[in-house]
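Reading through the structure tokens given below for one structure.
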Amino acid sequence: MRAELFRLNGGVKRHPAVDAWLEERAGELGTIAREWFEEMRKCGDDVLELVHDGCPVACVGDAPFGYVNVFTSHVNVGFFEGASLPDPARLLQGSGKYMRHIKLRPGMVVNETSLSRLIEDAYADIKRAGPSPRSG
């Protein structure tokens, strides 16, 4: 995990813009996005959410840990500190310094246990990192 975390302001417990975004995504891709964002919401009572760069993001305080995004033929389930997550099932894709994602497609067999674990680990890692110095 990086020494200075990426921070986002404006997260709330259940953001209406996130609900609207999820409802606007129809069909199988929308269903996939809703399912995995709901997993992020369930991580803890301290999970906040907002729309950033056009997609739903889950945070603890002002530190984002995960997001979903719908594309033409797949859904990304992504992690802001994904490069530091343990990934024994080798699900994560990407080569950036910090972020990683998983591409999910309709009909694809998903290792749900491993993906759920990645979400839980991303949440736990951000929670351990603590609040922003300006948020106390």
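The values are calculated or read from the model by the stated rules, or taken from the named source; none is laboratory data. Keep in mind the model is a prediction, meaning the values are calculated, not measured. Cβ sites come from the backbone with ideal geometry, for glycine too, and all protein chains shown count toward neighbours.
Tabulated results
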quantity: First in region 8-27 and over 19 Å from Pro106 (Cβ atoms), second anywhere and at pLDDT below 95 and part of a loop (DSSP other than H, G, I, E, B), Cβ under 8 Å, 6 or more apart; calculated: Leu8/Asp62; Asn9/Asp62; Gly11/Gly61; Gly11/Asp62
quantity: Tally, over region 49-58, of residues that are in a strand (DSSP E or B) and surrounded by fewer than 21 Cβ atoms within 10 Å (Cβ to Cβ); calculated: 4
quantity: Selection within region 59-79 - in a loop (DSSP other than H, G, I, E, B) and either out of contact with any Pro (no Cβ under 8 Å at 6 or more places or on another chain) or under 21 Å from Arg25 (Cβ atoms) (or both); calculated: Phe71, Thr72, Ser73, His74
quantity: In region 28-48, residue farthest from Asp121 (Cα to Cα) [restricted to those that are in contact (Cβ under 8 Å) with a residue 60 or more places away in the chain and part of a helix (DSSP H, G or I)]; calculated: Glu28
quantity: From the options Val12, Val70, Val57, Val75, residue that is under 10 Å from the mean Cα position of the chain (by Cα) and of a type in the set (Val, Ile, Thr); calculated: Val57
